[in-house]
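Right, one structure below, let's go through it.
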Amino acid sequence: MSKRTFPELPRTSIGFFPTPLHRLDRISEQTGYDVWIKRDDFTGRNLYGGNKIRKLEFLMGYALAQGYDYVITYGATQSNHAMQTITAARICGLEPIVYLTSIVEPDPADARANLLLDSIYGAEVHIIPEGSDPHSFSAPRIAELEAQGHRVYDVPVGGSNEVGICGYVNGYLELLEQMKAMGKHMDYLFTTTGSGGTLAGLAAGRKFADDDAVITGFLVGLKDDHYKERVAGLANSALDHMGASDVRVSPDDFETDDGYVGEGYEIPSAAGTAAIRRLARYEGILTDPVYSGKALSGMLDYLDRKKLPEGSTVVFLHTGGTTALFAEHAIVGPVGEEA
Ligand SMILES: Cc1ncc(COP(=O)(O)O)c(C=O)c1O
């Protein structure tokens, strides 16, 4: 590993780090590879950790350093990012507001999963129609709050700006340290990619550490042809923010795969359903139908089909999101319906 060290940046302690890294013995036995899992579903602080907590430690550190007292963000009605941003705001004493796009219509009389948690946390929640521009709803509210003298931090979808992404540059370095301490070399790293911030941070961390693992992000919704360029741009914005502008990420530095999306975002796939059951039944670990289950279905397919060189050491980054198992049936799908 290179001698570079992660810079001092404003950061607030929200989660529990390092997260566990452990071997998947039975999946390793089934597939013939050395398979590990990095448990970012255990980032804390509530029961439902996930990848956003890494980003939020930096986002909230920045917000506090800048003197913001409100935080606004965006997502789907069952957004993990929105729920975790609310959690982080509560920890830091900031007021949370979220604008949630209704892809699967929630029942107002029966709030489920993250939407239920959002209301327990007492956040200001606005549900907006699918296809609308969330900023057209938040802009007047921000103007109103600013006129009252408040300072509002407007956090993009997924917390994927140059500040938040630093959380995954650091996360990659943490993972490398853990592998090194076990005398292991990570050949492949698989994870989920949505807004692209996690993948961007991992790709930036890999370059920052001069590492050579092959990183693949499995998409959970269909994206346009410029997705990889955008992710590389996000990675470079984080490296700039870290004062490491000499390190550059290009779209060739990581892989994406849209072959396991199924019919679309928040629509369960048959392969995802099978992957969730397999990890639960052979390893006791839960994944969700929207994000980690779909990525897992991609990784297991690669391993079952022997797509990787024999003897490879493989890590699955579990990004959390298991609250979705308690969401509306349209999101959960048939995963629990078979003996
Ligand atoms: C559980 C889970 N995994 C993965 C992702 C994707 O992360 P990113 O938006 O950084 O690409 C998300 C994003 O919301 C998520 O909630």
Surface/4 of the Cα convex hull for segment 51-159, nm²: 6.5
Assuming R0 = 30 Å, can you tell me the calculated FRET efficiency for the pair Ala143 and Ile91, based on Cβ-Cβ distance, to the nearest 0.05? 0.65
Please state the charge dipole magnitude for segment 51-159, taken about the Cα centre, from unit charges on C-beta atoms (+1 on K and R, -1 on D and E), reported in debye and rounded to the nearest 20. 420
Along the three principal axes, how long is segment 183-339 when you take its alpha carbons, biggest first, rounded to the nearest angstrom? 54, 34, 24
At R0 = 45 Å, how high is the FRET efficiency between His150 and Ser28 if r is their beta carbon distance? Nearest 0.05 is fine. 0.30
In debye to the nearest 20, the charge dipole size for the chain, taken about the Cα centre with +1 at each Lys and Arg Cβ and -1 at each Asp and Glu Cβ, equals 940
Mind giving me the nanometre distance, one decimal, between the label points for Asp212 and His135, set 7 Å out from Cα along Cα→Cβ? 4.2
Ignoring trypsin sites (Lys or Arg not before Pro) that are buried or in helix or strand per DSSP, and keeping those with at most 12 other beta carbon atoms within 10 Å, what is the longest stretch of the chain between them? 4-304
Per residue, accessible area of segment 51-124 with a 1.4 Å probe, heavy atoms of protein chains only, in Å², comes to 31
Rounded Å value of the spacing that divides the Cα centres of segment 164-196 and segment 1-77: 10
Once Lys and Arg get +1 and Asp and Glu get -1 on their Cβ, which of Leu47, Leu115, Val71 lies farthest toward the positive end of the dipole of the chain? Leu47
Residue separation between Lys306 and Ile127 times 0.36 nm, minus their alpha-carbon distance, gives in nm 60.0 nm
When the dipole is taken about the Cα centre of segment 236-294, and only Lys, Arg (+1) and Asp, Glu (-1) are charged at their Cβ, what size is it in debye, to the nearest 20? 440
For segment 51-159, which whole percent of the accessible surface, found with a 1.4 angstrom probe, sits on carbon and sulfur atoms? 53
Would you please report the Å³ per residue occupied by the convex hull of the alpha carbon atoms in the chain? 131
Out of Phe137, Phe316, Phe254, a Gaussian network model of the chain with alpha-carbon springs under 10 Å gives the largest mean-square fluctuation to Phe137
Can you list the lysines whose alpha carbon sits under 22 Å from that of Lys3, skipping same-chain ones fewer than 8 residues off? Lys180, Lys184, Lys207
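The values are calculated or read from the model by the stated rules, or taken from the named source; none is laboratory data. Only a predicted model underlies this, so the values are computations on that prediction, with no experimental measurement involved. Neighbour counts are summed over all protein chains in view; Cβ atoms, including those assigned to glycine, are modelled from backbone coordinates with ideal geometry. Protein only, heavy atoms only, side chains kept; ligands, DNA and RNA dropped before computing areas. Shrake-Rupley method; radii C 1.70, N 1.55, O 1.52, S 1.80 Å.
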